[in-house]
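Worksheet: one structure, shown below.
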Amino acid sequence: MKLFRKSLILAVAMVAFICGGASAQVSFNAQGKVLVPGVMSQYTNTYSYFNSYLLLSNITNQDVHVKVTYYGHDGQDVTSLGVLSTGSYSTGGGVVDSSSNGEFTIPAYSTRNFAIQNRPNQHCVLGHATIAWNSDDPKMTRALIGIVRYNSKNGNSSAALGGAFPINNGQPW
């Protein structure tokens with residue numbers, strides 16, 4: 001009976017160890033993370049829209065792996081609506097990935113733009129985002145700076161309104 005209990009305990013420990021290893025492989029082990037409130041994207045047509053963009057800069061001399069997650073008004077994950085670009089999407093800047101799971105790499109001293117942007121279909125996304133990062137250097141403690149940029153247009157004029165606010169009070173995280 002004691003042998004059976006020992007075997008059972010060993011089996012349970014092995015299953016827990018294996019499952020723990022499997023979950024560690026799919027998780028994103030963040031070295032830094034920040035919450036961004038007030039992320040929104042509303043698109044009615046080409047004359048009426050409101051978008052927020054996350055402009056993230058890697059301030060280190062190494063590549064940084066980033067995971068952005070957008071949450072809608074009911075807490076649903078809407079990250080798949082995101083567009084990653086190397087520049088201004090509206091002026092033809094290079095789109096890196098037109099649909100994303102929110103995970104990407106920012107090369108050393110580079111900047112990327114991640115946003116839910118104008119789509120051909122009407123939509124309204126109101127919520128928040130989280131931005132997490134990690135690197136190959138486990139001792140690195142701060143790697144990113146960023147802003148939330150807002151852009152809107154209402155009506156048939158060529159004028160668009162916008163603004164920008166620092167993420168994490170402009171401090172690296």
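None of the figures in this text is laboratory data; all of them are computed from the coordinates on show. Not measured: the values here are computed from a predicted model. All Cβ positions, even for glycine, are placed from backbone atoms using ideal geometry, and neighbour counts span all protein chains on display.
Spelling out what I want: for every residue of region 64-78, take phi, set θ = phi - 60°, compute 6.51 cos²θ - 1.76 cosθ + 1.60 (Karplus), and round to whole Hz; glycine and proline get x.
Going residue by residue, I get 10, 8, 10, 10, 9, 10, 9, 10, x, 4, 9, x, 6, 6, 10 Hz, with x marking Gly and Pro.
If each residue's Cβ is checked for other Cβ atoms within 10 Å, how do 35, 144 rank with the fewest at the top?
35, 144
Amide H of residue 96: which non-local residues (sequence gap of 5 or more, or other chain) have their own amide H closer than 5 Å, using H built in the peptide plane?
Those lying under 5 Å, H to H, from residue 96 are 84, 85, 86.
What FRET efficiency comes out for residue 61 versus residue 156 if R0 is 45 angstrom and r is the Cβ-Cβ distance? Round to the nearest 0.05.
0.45
Which of 153, 139, 33, 67 has the fewest other C-beta atoms within 10 Å, and how do the rest follow up to the most?
Values: 153 20, 139 6, 33 13, 67 17.
So the ranking, lowest neighbour count to highest, is 139, 33, 67, 153.
Work out from phi, with θ = phi - 60° and the Karplus expression 6.51 cos²θ - 1.76 cosθ + 1.60, the ³J(HN,Hα) of each residue of region 122-136, listed in order in whole Hz, and give x for Gly and Pro.
Calculated HN-Hα couplings, in order: 5, 7, 8, 10, 10, x, 9, 9, 10, 10, 10, 9, 8, 9, 6 Hz.
Starting with the fewest neighbours, write out 141, 79, 130 ranked by other beta-carbon atoms found within 10 Å of each beta-carbon.
Ascending number of Cβ neighbours within 10 Å: 141, 130, 79.
Once phi is turned into θ = phi - 60°, what whole-Hz ³J(HN,Hα) does the Karplus curve with 6.51, -1.76 and 1.60 give for every residue of region 145-153, x standing for Gly and Pro?
Along region 145-153, the couplings run 10, x, 9, 9, 9, 10, 9, 9, 8 Hz.
Rg/Rh for region 31-170: what does it come to with C-alpha atoms and Rh from Kirkwood?
For region 31-170, the value is 0.97.
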